[in-house]
Amino acid sequence: MSAAEAKNNVNQIWKYLTAFLLAGFFLCGVFLFRNYGTSSDEINQIEAGHIIWAAICEKLGKPSPDFGNLPKLEEYYNRFYGQAATFPTVLIEAVRHFQMDISSIVRLRHFWNFLMYFTGLVCLGILARLRFKRYDAVFLLLLLHILTPRLFGDAFYNDRDVMLISLFWISLLCFEFFCRRPGILTALLCAFFFALAINTRYFGLVLLFLPVIYLLRRETKQKLPALFLLLFVPAFFYLMTPVLWTDFFSRFAAGFRLFSSGQQRTQETKGLADILFFGKYIPENNLPFYYVPLWIFISTPLIPQFLTITGLIQSFRGKTGIMDRFMQILLCLGIAAVMLIRPVLYNGWRHMYFFYVPFFWFTGTGIRFLMEKKQKRLKFVGIVLIFLSAGWTAYRISRLHPYEYVYLNPLFSSREDEFDRDFWRLSTTESLKWIWDQEQDEFRVCDTNAGLNNHIIGLFPWQRDHIIISQYNALHRFPSDYLIANYSGVIGNEQLFPLFDSVYIIERDGVKLAEVYKRYPALEPSIRSISPGSPEMIDGEIDLELEWRSTRLQNDEDELVIEFTDKMTLSGIALLPGDDEHEYARSPEVSISDDGKTWKKIPVTVSNLFDLSFSPTETRWIRIKNTKPADVHWSFREILFYN
């Protein structure tokens, strides 16, 4: 066998390994897409798809389904968010006459997002094969891309940032075909995917640099197809963005300003939201200039970073093609621009995930440089390190699943609690499912920072129908049975809620993502007297017909006195408000007594507006007194005691 034949046989082996890698990843996605909870943005994206469908129906003069109280597209605050990349899921809903349950829509979108991500990886593989002409580099590049933890999970539910990466790879492959065979058809294909990327996020506009660089090159002879490409992009973008169908230029400019400056986020938060970064709270509109590059460094495996730096250096040394020049501009000038402009960012650096495109482009260049090394020992060591890195990262992904986005590389993995952790709130879905498994019946649940209303849609309808949602520290007449606490933005690894016990913890590598608490069971004390009110208000059975209400506004003389038959130990009281939920005690003070005459004030923590908690205390008498006037009456219908 000649050396050329042996080399070709080795290349064929890598080719089959690449095919097996892609097939294995596809099967992995098919089995895993149901494992992921609902992300924070999904309810908004589903609604946006329905609003756009209604707008298209109105434009065509066709009847639109009843989507409830959704606003018209022109009035929708998210109207500039394009939905073209995920619109096929809306078409599937339309085929089903929009009768699909929302939990089925969530799973459908997860699978579609994964299909798009997988398609992008296939396009990257073809692109790498055309560049490197060797399958060992293609295999290693795809392996490292697939085993990027922050992308692995987001591929299923992040239909903005990771979808943009997929569309970049598809667009780049189309442009490669255009460069090889410039013509109207390849220009149309490029323009369509360029427009789709821009529709997904305005960052996709950077793709227009490709035909511009193509036109500026001296050796370019067929300039007309590139000009057609540049003309077709706005045409396709117009067609797939209904909000631009009237007053295209002014609305496009408004949308561009909104996203480039972070105005939409600052309109929602007034720029006052804090970002947890290295254990400190930093205002989102005053992030340090190194925020994005440092996030890239700490949240990406180390070996790919080394290969990327190597590939970037090699790209400046060797002959530079259109793609290499574009990637140099995108990576170097892009990150420099972000450091200078310091846009409003949150949820880590996910809005800048498109930097992964030039990152992996130069990772591939670095791999090719390694594989073409003549020093066999150096080449062998490099390949071993790549496989060791991939193996360790695969292990970490399996440990973090389905919360891969909390990954930090080995240099920072012990500091995961110093950053926003579960910013997608996927753990809320798991928490609700756990509670459902315990109860199998109706229950009340509240939350802190868990976004129940957005994430309950991931449950099946027969589960949602038995869940009553309330808000912690909000007005409601009944106490919640459970509380779900999310740890995103929380420093440390502990949250305490008076009158609630921790019953379930979701954690990864010892760092809590969420915690489920169950309310203490109420005591059934024996009462000798209560003033004001009646004994029925202390029996633990909430009766909506019962209510005591003061005859005057709250003042420093109002008091509730209860005498127990015998001494009992208490650690908390809940005063459930009457018909007007605003009439809760505004400034309660708790005192205890053994004789009803001599009173001792005890320190109290007020939470949930009507929960009063204190250190375990033995008493025969207890008094609750308002200490300050308020402009509302005081009312209650039930008093619950806890220990």
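The values are calculated or read from the model by the stated rules, or taken from the named source; none is laboratory data. If you're wondering where the values come from, they're calculated on a predicted model, not measured in any experiment. Neighbour counts are summed over all protein chains in view; Cβ atoms, including those assigned to glycine, are modelled from backbone coordinates with ideal geometry. These area figures cover heavy atoms from the full protein model, side chains too; ligands, DNA and RNA do not enter into them. Shrake-Rupley method; radii C 1.70, N 1.55, O 1.52, S 1.80 Å.
In a Debye calculation with equal point scatterers on the alpha-carbon sites of segment 346-403 and no solvent, what is log10 I(q)/I(0) at q = 0.14, 0.20 Å⁻¹?
-0.60, -0.93
Of the trypsin sites (Lys or Arg not before Pro) in segment 280-351, which ones lie in a loop per DSSP and count no more than 13 other C-beta atoms within 10 Å?
Lys319
Can you tell me what share of the DSSP beta bridges in the chain is antiparallel? A percent to the nearest 5 is fine.
The antiparallel proportion sits near 90 percent.
Only loop residues by DSSP count here, and only those with at most 15 other Cβ atoms within 10 Å; note down the GluC sites (Glu not before Pro) in segment 392-483 that meet that.
Glu442
As a check on your grasp of the helix formula, calculate [θ] at 222 nm for the chain: sum -39500 (n - 2.57) over DSSP H runs of n ≥ 4, divide by the residue count, round to the nearest 500.
-14500 deg cm²/dmol
Specify the angular offset, from 0 to 90 degrees and rounded to the nearest 10, of the alpha carbon long axis of helix 42-60 from the longest principal axis of the alpha carbons in the chain.
With rounding to tens, the tilt is 70 degrees.
Given the pairs Lys7/Lys379; Lys133/Lys373; Lys7/Lys319, which span a C-alpha to C-alpha distance of over 19 angstrom in this model? Mind showing how you got there, number by number?
On the way: Lys7/Lys379 16 Å; Lys133/Lys373 15 Å; Lys7/Lys319 26 Å.
Lys7/Lys319, as the Cα separations exceed 19 Å there.
Please get the size of the charge dipole for segment 541-643, origin at its Cα centre, with Cβ charges of +1 on Lys and Arg and -1 on Asp and Glu, quoted in debye to the nearest 20.
Computed about the Cα centre, the dipole is about 560 debye.
Computed over the Cα atoms of segment 352-438, what is the convex hull's projected area averaged over all directions, in nm²?
For the Cα atoms of segment 352-438, the hull's average projected area reads 8.0 nm².
Carbon and sulfur together cover what percent of the accessible area of the chain at a 1.4 Å probe radius?
58
So what is the accessible area of the chain per residue, in Å², with the probe set to 1.4 Å?
Value returned for the chain: 45 Å² of accessible area per residue.
Using 5 Å bins from zero, what percent of all Cα-Cα pairs in segment 92-223 falls into each bin?
2, 10, 16, 18, 18, 16, 10, 6, 3, 1, 1, 0
Can you check how the C-alpha radius of gyration of segment 411-484 compares to 2.2 N^0.38 Å, as a plain ratio?
1.25
What ranking, highest mean first, results for peptides 4-11, 19-26 when packing means the other Cβ atoms within 10 Å averaged over each residue?
Result, highest mean first: 19-26, 4-11.
Dividing the Cα radius of gyration by the Kirkwood radius, what Rg/Rh value follows for segment 80-152?
Answer for segment 80-152: 1.14.
What's the angle, to the nearest 10 degrees (0 to 90), between helix 356-371's Cα axis and the longest principal axis of the chain?
Orientation of helix 356-371: about 50 degrees from the principal axis.
Which log10 I(q)/I(0) values, to two decimals, does segment 488-643 give at q = 0.11, 0.12, 0.17 Å⁻¹ under the Debye formula with one point per Cα?
These q points yield log10 I(q)/I(0) values of -0.48, -0.56, -1.00.
Please name which of Val561, Phe80, Ala390 has its Cα lying farthest along the dipole of the chain towards the positive end, using unit charges on Cβ (Lys, Arg +1; Asp, Glu -1) and the Cα centre as origin.
Ranked along the dipole, the leading option is Ala390.
Pull up the cross-link candidates among the lysines for Lys628, meaning alpha carbon to alpha carbon under 28 Å and not fewer than 8 places away within one chain.
Counting by Cα, and skipping residues close in sequence, Lys628 has these lysines nearby: Lys597, Lys600, Lys601.
Rank Glu58, Glu176, Glu47 by accessible area, highest first, at a 1.4 Å probe radius?
Output order, biggest surface exposure first: Glu58, Glu47, Glu176.
Under a no-solvent Debye model with one identical scatterer per Cα of segment 1-62, what's log10 I(q)/I(0) at q = 0.19 Å⁻¹?
-0.84
Can you give the alpha-carbon Rg of segment 394-454 over 2.2 N^0.38 Å, where N counts its residues?
Compactness ratio reported: 1.38.
Per residue Cα convex hull volume for the chain, in cubic angstrom?
193
Just the accessible area for Met339, please: 1.4 Å probe, Å², rounded to the nearest 10?
Met339 has an accessible surface of roughly 60 Å² with all protein chains in place.
Can you pull a Stokes-Einstein diffusion coefficient for segment 597-643 at 25 °C (0.890 mPa s), Rh from Kirkwood over Cα pairs, as a whole number of µm²/s?
For the chosen part, D equals 189 µm²/s.
Using alpha carbons only, how many degrees (0 to 90, rounded to 10) separate the axis of helix 224-239 from the longest principal axis of the chain?
Orientation of helix 224-239: about 20 degrees from the principal axis.
Treat every Asp and Glu Cβ in the chain as -1 and every Lys and Arg Cβ as +1, leave all other atoms uncharged, and give the resulting dipole magnitude about the Cα centre to the nearest 20 debye.
Rounded to the nearest 20 debye, it is 5460 debye.
Determine the relative contact order of segment 127-239: mean sequence separation of Cα pairs under 8 Å and six or more apart, normalised by residue count, in whole percent.
24
Out of residues 5 or more away from Asn409 or on other chains, whose amide H comes under 5 Å of its own, with H placed 1.01 Å from N in the peptide plane?
Sorted by chain and number, the residues that satisfy this are Ser299, Thr300.
Taking a 1.4 Å probe, which of Arg425, Arg377 shows the most accessible area, and what order do the others take after it?
Details: Arg425 40, Arg377 200 Å².
Accessible-area ranking of Arg425, Arg377, largest first: Arg377, Arg425.
Suppose every Lys and Arg Cβ carries +1 and every Asp and Glu Cβ carries -1, with no other charges. What dipole size does segment 1-72 come out with about its Cα centre, to the nearest 20 debye? Provide the component values of the computation, followed by the final result.
Details: 6 positive and 6 negative charges, 52 e Å.
For this selection, approximately 240 debye.
Rank-order 561-574, 196-209 by packing density, defined as the average count of other C-beta atoms within 10 Å over each peptide's residues, highest first.
For the peptides 561-574, 196-209, the packing ranking is 196-209, 561-574.
Taking the Cβ of Trp245 as the center, what net charge do the other residues with Cβ under 10 Å away carry, scoring Lys and Arg +1 and Asp and Glu -1?
+1
Enumerate the lysines that Lys518 could reach by cross-link, defined here as Cα to Cα under 27 Å, with residues fewer than 8 away along the same chain left out.
Lys433, Lys567
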